[in-house]
Amino acid sequence: MCLHMRAFHKKKKTLKEKIKPLYVELEPNKFVCNQKYPFEVKDEKFHCGTCLSEFSTRSEVLAHIQREHIWANVKKMIVYENISPDKFVWTDPFNKKHSFEKVGNMYKCDQCSYSALRDKYMKQHVRTVHIEDGLV
């Protein structure tokens with residue numbers, strides 16, 4: 001594969017893939033993930049301390065914490081607003097604004113030259129290119 005292909009066309013990691021659960025052992029068999037989500041080992045099972053779900057392996061409980069607790073909280077922090085009939089703004093977890101507007105029959109991104117015919121494609125662009133890339 002040529003350098004251009006590797007540099008510009010490689011699959012980008014999604015925000016879910018970028019936010020990795022990191023854990024520390026506080027005391028024997030008691031852990032905390034990302035300084036917020038506790039889990040423990042009891043009777044050879046891993047128990048999520050946030051919702052009490054039970055798992056066979058450490059990797060399963062970490063995947064669960066990432067999917068159900070960490071990612072769910074990040075998604076709640078991304079706020080979408082329609083501030084006028086033709087102007088739209090997303091606010092990311094760091095209070096950075098990402099906007100686009102409708103000009104004629106096209107939606108135009110205010111951060112780059114991207115444009116789209118449908119607002120759903122523009123929302124996907126803003127979320128994946130500008131918000132998710134900047135979070136991690």
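The table that follows gives values for the structure above.
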| quantity | calculated |
| --- | --- |
| Cα gyration tensor category, rounded, prolate or oblate, for the range 32-136 with a/c compared to 1.5 | prolate |
| Accessible area, probe 1.4 Å, largest first, for residues 58, 118 | 118, 58 |
| Convex hull volume per residue in cubic angstrom - Cα atoms of the range 18-77 | 72 Å³ |
| Within the accessible area of the range 55-125 (1.4 Å probe), percent carbon and sulfur | 51 percent |
| For the range 33-114: accessible area per residue (Å², 1.4 Å) | 63 Å² |
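The values are calculated or read from the model by the stated rules, or taken from the named source; none is laboratory data. Not measured: the values here are computed from a predicted model. All accessible areas refer to the heavy atoms of the entire protein, side chains included, with ligands and DNA or RNA removed. Shrake-Rupley method; radii C 1.70, N 1.55, O 1.52, S 1.80 Å.
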